[in-house]
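A short write-up of the structure that comes next.
The values are calculated or read from the model by the stated rules, or taken from the named source; none is laboratory data. Since the model is a prediction, treat every value here as computed from it, not as a measurement. Glycine also receives a Cβ, built like all others from the backbone with ideal geometry; neighbour counts cover every protein chain displayed.
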């Protein structure tokens with residue numbers, strides 16, 4: 001049976017913004033915050049645009065709600081990313097090597113810090129730390145496979 005396929009690559013423009021804070025740890029932390037915060041804000045904008053098109057109208061109230069949600073999500077996910085990349089970088093500098101253990105420790109620290117900031121339940125903090133470490137380690141292993 002005849003078949004056809006498509007092969008190719010798609011790449012977009014790469015934008016690099018460097019903000020020199022005078023310290024490599026702060027540089028990677030701010031970079032992570034800005035990049036992932038922008039992604040989160042863009043995701044919210046796309047979702048809200050879809051809902052506006054589906055509903056068929058845009059009001060100033062909806063627009064204001066969208067901007068607030070973009071800022072909130074961007075700040076939250078940017079903070080998570082900033083804590084993670086900062087923790088991973090700090091662990092790498094302390095250990096003197098670059099491997100999956102840095103990602104695991106960075107994920108544990110991030111899970112614990114973000115959870116402790118939003119919850120006083122010690123069991124929840126431990127579970128979130130374990131989850132953060134597991135997700136970061138899995139992501140690191142997936143990066144090696146791809």
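Remarks
- Being surrounded by 12 or more Cβ atoms within 10 Å (Cβ to Cβ), in contact (Cβ under 8 Å) with a residue 12 or more places away in the chain and closer than 22 Å to residue 24 by Cβ holds for only one residue in 74, 133, 111, 106, and it is 106.
- Condition met for residue 90 (buried (at least 16 other Cβ atoms within 10 Å of the Cβ) and more than 17 Å from the chain's Cα centre (by Cα)): yes
- One residue stands out among those in the range 114-130 that are more than 18 Å from the chain's Cα centre (by Cα) and under 22 Å from residue 78 (Cβ atoms): the one that is surrounded by the most Cβ atoms within 10 Å (Cβ to Cβ), which is 125.
Residues checked against (1) over 29 Å from residue 91 (Cβ atoms); (2) out of contact with any helix residue (DSSP H, G or I) (no Cβ under 7 Å at 6 or more places or on another chain); (3) modelled with pLDDT under 85; (4) surrounded by fewer than 10 Cβ atoms within 10 Å (Cβ to Cβ):
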{"site": "12", "(1), (2), (3), (4)": "yes, yes, yes, yes"}
{"site": "25", "(1), (2), (3), (4)": "no, no, no, no"}
{"site": "40", "(1), (2), (3), (4)": "no, no, no, no"}
{"site": "49", "(1), (2), (3), (4)": "yes, yes, no, no"}
{"site": "54", "(1), (2), (3), (4)": "yes, yes, no, yes"}
{"site": "64", "(1), (2), (3), (4)": "yes, yes, no, no"}
